[in-house]
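Okay, structure first, notes after.
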Amino acid sequence: DHRDLHSFPTRRSSDLFAGIYDTFLIPNSSPDPEVRYRQLADAIRLVYASLFSPRSRAYFEVIHYKLEEERMAIVLQEVVGQVQGHYCYPHISGTAQSHNYYPVSGLEPGDGIANLALGLGTYVVDGEQCFRFSPRRPKIDLVAPEAQAGATQRHFYALDLTRHEPPLVEGEEACYVRREVAEAERETDLNLLASVYDLENHQLQPGLRGRGPRILNFANILKYDAFPLARTIDMLLEVGEQALGNPVEIEFAVDLGAAPGARPIFYLLQLKPLIHRLEEVTLDAADFSPDTCVLFTDAAMGNGRDETIHDLVYADPEAFDNTLTLDMVAELEAINRGLKDEERQAVFIGFGRWGTRDRFLGVPVQFHQITQARVLVEAGLPHFQVDSSLGSHFFHNVTSMDIGYFTLRVNNPRHFIDWDWLRAQPPVRATRFFRHVRTERPLPIHMDGRRGLALIGKPE
């Protein structure tokens, strides 16, 4: 009886290979046990085969790792979740980091940062729109209520149990389906997860008793302690950091149970280190001068100096259209290929999120398509502002390889980018959406990891 069976993902994961190899979520719902066994065996073979994918090969080249030296193990994990009709998914999936590179609202970097979402965790790790909070201070709103109403989770991912023999050769997405949050509300109790936005009083009411837009902000859990989720996450991050001697990241899921009054169960799925090297680089915002800098930010990740970069690739603000980001991927891949052939690295400046699965939040580029990045900049436009990609596999690969990661917010007066200077540089290559410029002298890059300050200077 498939109702008594559980689904299994197969994956290979380590601190340097998050999201590089394939993961398969098997519905395990066929009435024939031979079919289920064959699916598991096929999934294991496909995970091994992903070692030779273009994505993996490009990653190996960047980190100077020899393919023949790789030793892969396969991890089988039971998928957390409840069967709801023809689908299976957890009530909560999330990631958390013990170090917050972008502390706001009076938070400290050591307070950490966490991301929560309804449904399978691929939604979170692929950089889609999640709810963020500090595990140590969960009652602080990082986003104003009116902003939450416009940026809440609208869809989620679930295993499709009706597909008894999904075509695994089509890739990781063969076994799950994208669904609307409204469908989950008809299937399960979201009272602990959602709030209602009161349009008359412009405030959020925890639970689903009222009428109005549904906001997934987990208020009854985080603000009113329906169960100690924030304390659990904070404790795990603290223990992990002490054990590894390094900031850590975890992935987790929560099953609230099917029966009324059931006790929630927290599942720790992964724990891995965040690479956090701090050399002595000191910047002071008071010393910043727009005459000598291409850009400056106080929301930066990374540390050190680099005065070897001559190339800069930036998205044209006048051409950017977040409905056409799939077209941008092909252009970036071609530019990256040219840089790779010339053995050059570059600064990449884009709008919204790098590496997101949701193409409307930024450019859904994969890491092997942007391997020549020395610095990634996520900028905003007056009409297009998106939170940074914390908690995604893409973000973890950026941190593990010491790639600079800068955020430029339109509404922050301390953030600066000299668009006039960029437009004045003759392009090496110009495409529909991007400009690739090259300077005769290097662009000095300075990153102060302790203060989160960074600048890219103009060539001397």
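Using a ≥ b ≥ c from the Cα gyration tensor of the stretch 159-223 (square roots of the eigenvalues), is it rounded, prolate or oblate, where a/c under 1.5 gives rounded and otherwise the larger of a/b and b/c decides, a/b for prolate?
prolate
For PHE227, PHE296, give the ranking by accessible area with the largest first, probe 1.4 Å.
My answer, sorted largest first, is PHE227, PHE296.
Between ASP402 and THR323, what length in nm is gained on full extension when 0.36 nm per residue of separation is reduced by their alpha carbon distance?
25.4 nm
Between the stretch 302-346 and the stretch 135-185, how many Å separate their Cα centres?
If we compute the Cα centre of each part, the gap is 29 Å.
Where in the stretch 298-327 is the amide nitrogen less than 13 Å from a point lying 7 Å along the Cα-to-Cβ axis of ALA334?
It comes to 327, nothing else.
With a ≥ b ≥ c taken as the square roots of the eigenvalues of the C-alpha gyration tensor of the stretch 101-210, please select rounded if a/c is under 1.5 and otherwise prolate if a/b is larger than b/c or oblate if it is not?
Here the stretch 101-210 falls in the oblate category.
What is the set of long-range amide H partners of GLN270 at a cut-off below 5 Å, with H atoms built 1.01 Å from backbone N?
So GLN270 has HN proximity to GLU251.
Given a Förster radius of 25 Å and the C-beta distance between GLU460 and HIS383 as r, what FRET efficiency does 1/(1 + (r/R0)^6) yield to the nearest 0.05?
0.10
Residue-wise, which Karplus ³J(HN,Hα) couplings in Hz belong to the stretch 153-167, taking 6.51 cos²θ - 1.76 cosθ + 1.60, θ = phi - 60°, and x for glycine or proline?
5, 10, 9, 8, 10, 9, 6, 8, 6, 7, 8, 5, 10, x, x
Under a straight-distance cross-link criterion of Cα-Cα below 26 Å, which lysines are reachable from LYS272, leaving out those fewer than 8 residues away in the same chain?
Excluding near neighbours in sequence, the set is LYS66.
What do you reckon, how do LYS458, LYS272 stack up by accessible area (1.4 Å probe), largest on top?
I get LYS458, LYS272, largest accessible area first.
Zone of ALA286 (label point 7 Å along Cα→Cβ, backbone N under 17 Å): which residues in the stretch 445-460?
In the stretch 445-460, the label zone of ALA286 (backbone N under 17 Å from the point 7 Å along Cα→Cβ) covers 451, 453.
Give me the extension gain from ASN201 to SER53: residue separation times 0.36 nm, minus the current Cα-Cα distance, reported in nm with one decimal.
Result for the pair: 48.0 nm of gain on full extension.
How large is the helix-only mean residue ellipticity at 222 nm for the chain, computed as the sum of -39500 (n - 2.57) over DSSP H runs with n ≥ 4, divided by its residue count, in deg cm²/dmol to the nearest 500?
Result for the chain: -6000 deg cm²/dmol, rounded to the nearest 500.
For MET301, what accessible surface area do you get with a 1.4 Å probe? Give it in Å², rounded to 10.
Its accessible surface works out to 10 Å², give or take rounding.
Simple spin-label model, 7 Å along Cα-to-Cβ: GLU183 to LEU40 in nm?
Distance between the two pseudo-spin positions: 2.8 nm.
Could you pull out which residues in the stretch 319-357 have an amide N less than 12 Å from a spot 7 Å beyond the Cα of ARG423, following the Cα-Cβ vector?
It comes to 319, nothing else.
Taking 0.36 nm per residue of separation and subtracting the Cα-Cα distance, what length does fully extending GLU343 through VAL239 add?
Taking GLU343 through VAL239 to full extension adds about 33.3 nm, to one decimal.
Over the chain, what percent of the accessible surface lies on carbon and sulfur atoms, probe 1.4 Å?
Answer for the chain: carbon and sulfur cover 49 percent of the accessible area.
Any idea how far apart ASP316 and PHE416 come out in nm if each label point goes 7 Å out from Cα toward Cβ?
Taking the two extended label points, one gets 2.7 nm.
I'd like the accessible area for CYS175: 1.4 Å probe, protein heavy atoms, all chains in place, Å² to the nearest 10.
Around 0 Å² of this residue is reachable by solvent.
Taking the full set of protein chains and a 1.4 angstrom probe, give the accessible area of TYR157 in square angstrom, rounded to the nearest 10.
Per-residue accessible area (TYR157): approximately 10 Å².
Among rounded, prolate and oblate, which fits the stretch 236-366 when a ≥ b ≥ c are the square roots of the eigenvalues of its C-alpha gyration tensor, a/c under 1.5 means rounded, and a/b larger than b/c means prolate?
Judged from the Cα gyration tensor, the stretch 236-366 comes out oblate (a/c at least 1.5, b/c at or above a/b).
Per residue, how many Å² of accessible area does the chain show with a 1.4 Å probe?
Each residue of the chain exposes 45 Å² on average to a 1.4 Å probe.
What order do THR122, THR297 take when sorted by accessible area (1.4 Å probe), most exposed first?
Solvent-accessible surface, decreasing: THR122, THR297.
The values are calculated or read from the model by the stated rules, or taken from the named source; none is laboratory data. All figures in this text were calculated on a predicted structure; none of them were measured in a lab. Note that each Cβ is placed from the backbone with ideal geometry, even for glycine, and that neighbours are counted across all protein chains shown. Side chains included, ligands, DNA and RNA excluded: accessible areas come from the protein's heavy atoms. Shrake-Rupley method; radii C 1.70, N 1.55, O 1.52, S 1.80 Å.
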